[in-house]
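To keep things clear, I will list the structure first and then write my remarks on it.
The values are calculated or read from the model by the stated rules, or taken from the named source; none is laboratory data. Just so you know, these numbers come straight off a predicted model, no measurement behind them. Cβ placement follows ideal geometry from the backbone for every residue including glycine, while neighbour counts extend to all protein chains displayed. Just the protein is used for accessible areas: all its heavy atoms, side chains included, with ligands, DNA and RNA removed. Shrake-Rupley method; radii C 1.70, N 1.55, O 1.52, S 1.80 Å.
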Amino acid sequence: MQLIKNSLKLDPAAETGRIVQALRRNVPGVLRRRGAVVGISGGVDSAVVLALCVRAFGPGKVVAVMMPDRDSSPESEALARQLARQFEVEPVLEVVTPALEGFDCYRRRDEAIRRVFPDYDAGCGYRAKLVLPQNLLDAGTLNFFSLTIIAPDGSERTSPLPAREFLQIVAASNLKQRTRMATLYYHAELNNFAVVGTANKNEHDLGFIVKYGDAAVDIKPIGHLYKTQVYQLAAYLNIPEAIRQRPPTSDTYSASCTQEEFFFRLPFETLDLLWFAQEHEVPEAETARVMGLTETQVRRAYSDFASKARTTHYLRLPPLDLNESPAFAVPTP
Amino acid sequence: MQIENQIRQFILKNLYFVPDETLDDDSSFLDTGVVDSTGVMELVTFVQAEFGVTVEPREIVVDNFDSVSKLARFVRRKRTPPETNHLTPAREPSGAAAR
């Protein structure tokens, strides 16, 4: 296929109509549920999903749940409340900090951080985040996480993360998404509603998602949309400007961290078109020409997407049935 | 080939996900999915501990870490004193220094 700079431009009215019809058809017809539960974070994805659900079912059949923890930015809740007001949905506040403390989420995470930075102390105002190298196109850097801590005086230090500490920090932090999933299903079962997912295609297919955390939903109305397409719908659905302008965050670590810093390594405007090109097998030379990049830069991006998709394939698998022979087949990238 | 063997054995024992297949020295870890991002971290830890070299974040690149042979060449370069790097080709260390 021919790649053009507008390859990802969609008709937001038509796409909205298509998604709304699919929600109306599947939630009662297939799932046999009477409405929707949506976790709203103050971000653009959950805002779009809330708007779509209100269009599909009406505000009276939508439960919007805000689930901050002690690391969440206060701005997130404020934006979520603004969104809920606009769409005439009364939001439910579920602070998940006590549940996470019960899971020892913070202690387990901070223990690993202190093995890298012994002076790290969240109780004294230290904050932390994980980051990947941000020069994906310009250097053949691999997806190697570093840990950045921010001291109370604002000074920052960064260190490469050993594997053991990385795994412990991620495992502890993923308790947040799994706790939020359980909370959403409480409200879903309380109301006989469906849990409607808010992950977009980038998150789902490249693996910025937690197995049985935010990946555990009943229906995924924007799971096929690139991030830049979500923004197109957001503009059409009149999502508050403050939400549309806010950089997407990981909303996981105590230090402010964008999704680009933590996982995607590219601005979405660049990533989406490159990834679209790779998925449609556009030759590197043509992609380079259309996007004003070198073939080497395109090759690095293609390789990163393939690597992320392959590495995170298991996140999207259902439980393996050992009676089925393809259970251990390695997926073709 | 000792460094290559040490690297290969570490990967086969700790990181390799495909059973009953040999690991080619020149196969790209990224292209074949032999090693994932966590595996890269483990390779860095292994290389530092096993060969006594320090890996800078800027050195964690495809050219150094994407195959057994590339990683072995990287280790040899790191173990060669800087003043001799441009004078002699990379070679296997002598018995006293070798693990």
message: Show me you know the interface measure: the accessible area buried between A and B, both chains summed, probe 1.4 Å, in Å² to the nearest 100.
response: 1500
field: Cleavage-rule hits (trypsin sites (Lys or Arg not before Pro)) in the stretch A:1-98: DSSP loop, at most 15 neighbouring Cβ within 10 angstrom
entry: A:K5, A:K9, A:R32, A:R34, A:R70
- prompt: So what is log10(I(q)/I(0)) for the stretch A:101-166 at q = 0.13, 0.20, 0.22 1/Å, when the Debye sum runs over its Cα atoms only?
  reply: -0.40, -0.82, -0.94
- line: For the stretch A:156-203, the Kirkwood Rh over every pair of distinct alpha carbons, in Å, works out to 13.5
query: Of B:G33, A:M181, A:M291, which is farthest on the positive side of the dipole of the protein assembly as shown, counting Cα position, with +1 on Lys and Arg Cβ, -1 on Asp and Glu Cβ, and the Cα centre as origin?
result: A:M181
- prompt: Summing -39500 (n - 2.57) over the DSSP H runs of n ≥ 4 in the protein assembly as shown and dividing by its residue number, what mean residue ellipticity at 222 nm do you reach, to the nearest 500 deg cm²/dmol?
  reply: -14000 deg cm²/dmol
statement: Evaluated at 10 °C and 1.306 mPa s, the Stokes-Einstein D of the stretch A:194-242 based on the Kirkwood radius over Cα pairs, in µm²/s, stands at 139
statement: Taking the chain alone as reference and the full protein assembly as comparison, with a 1.4 Å probe on protein heavy atoms only, the residues of the stretch A:279-317 that lose at least 30 Å² of accessible area are A:S303, A:R310, A:T311
Calculated P(r) of the protein assembly as shown - Cα pairs past 38 Å, %: 28
query: If you take the C-alpha gyration tensor of the stretch A:125-269, multiply each eigenvalue by 5 and take the square root, what semi-axes do you get, largest first, in whole Å?
result: 28, 20, 16
query: For the pair A:A235 and A:S7, what calculated FRET efficiency results from E = 1/(1 + (r/R0)^6), where r is the Cβ-Cβ distance and R0 = 22 Å, to the nearest 0.05?
result: 0.75
- prompt: Which order do B:M1, A:M291, A:M66 take when ranked by solvent-accessible area (1.4 Å probe, heavy atoms of all protein chains), largest first?
  reply: B:M1, A:M291, A:M66
task: Quote the charge dipole size of the stretch A:5-46 about the Cα centre in Debye, to the nearest 20; the model charges only the Cβ of Lys and Arg (+1) and of Asp and Glu (-1).
output: 240
task: Taking all protein chains together and a probe of 1.4 Å, list A:R114, B:R8 from the most accessible to the least accessible.
output: A:R114, B:R8
message: Taking 41 Å as R0, compute the FRET efficiency from the Cβ-Cβ separation of A:S159 and A:E295 and round it to 0.05.
response: 0.75
- request: Quickly work out the B:Y16-to-A:R115 label distance, labels modelled 7 Å from Cα along the C-beta direction, and quote it in nm with one decimal.
  value: 2.7
field: Sequence of A:H187, A:H224 from largest to smallest accessible area, 1.4 Å probe
entry: A:H224, A:H187
- line: Of the listed links A:K9/A:K129; A:K9/A:K220; A:K5/A:K129; A:K5/A:K201; A:K5/A:K220; A:K129/B:K78, those spanning more than 23 angstrom between alpha carbons are A:K9/A:K129; A:K5/A:K129; A:K5/A:K220; A:K129/B:K78
- prompt: Tell me, what % of the accessible area of the stretch A:76-119 is carbon and sulfur with a 1.4 angstrom probe?
  reply: 50
query: Ignoring ligands, DNA and RNA, what percent of the 1.4 Å accessible area of the stretch A:160-248 is carbon and sulfur?
result: 57
message: Using 5 Å bins from zero, what percent of all Cα-Cα pairs in the stretch A:250-321 falls into each bin?
response: 3, 14, 22, 19, 16, 12, 9, 4, 1, 0
message: If I model a spin label at A:N323 and A:Y186 as a point 7 Å from the Cα along the Cα→Cβ vector, what separation in nanometres do I get?
response: 3.6
message: I'm a student and want to see the number: the projected area of the Cα convex hull of the stretch A:20-86, averaged over all directions, in nm².
response: 4.6
- request: Starting from the Cα of B:D63, step 7 Å toward the Cβ, then list every residue of the stretch A:116-148 with an amide N under 17 Å from that point.
  value: A:135-143
- prompt: Leaving out same-chain residues fewer than 8 places away, which aspartates and glutamates sit with a Cα under 19 Å from that of B:K70?
  reply: A:D304, B:E4, B:D24, B:D25, B:D26, B:D31, B:D36, B:E42, B:E50, B:E56, B:E59, B:E92
- request: Among A:A139, A:A194, A:A172, determine the one that fluctuates most according to a GNM of chain A built with springs between C-alpha atoms less than 10 Å apart.
  value: A:A139
field: Chain lengthening between A:H224 and A:Q86 when straightened (0.36 nm per residue, less Cα-Cα)
entry: 47.1 nm
query: In vacuo Debye scattering of the stretch A:191-325, one point per C-alpha: log10 I(q)/I(0) at q = 0.11, 0.16, 0.23 Å⁻¹?
result: -0.48, -0.97, -1.48
Rounded accessible area of A:E241 (nearest 10 Å², 1.4 Å probe): 100
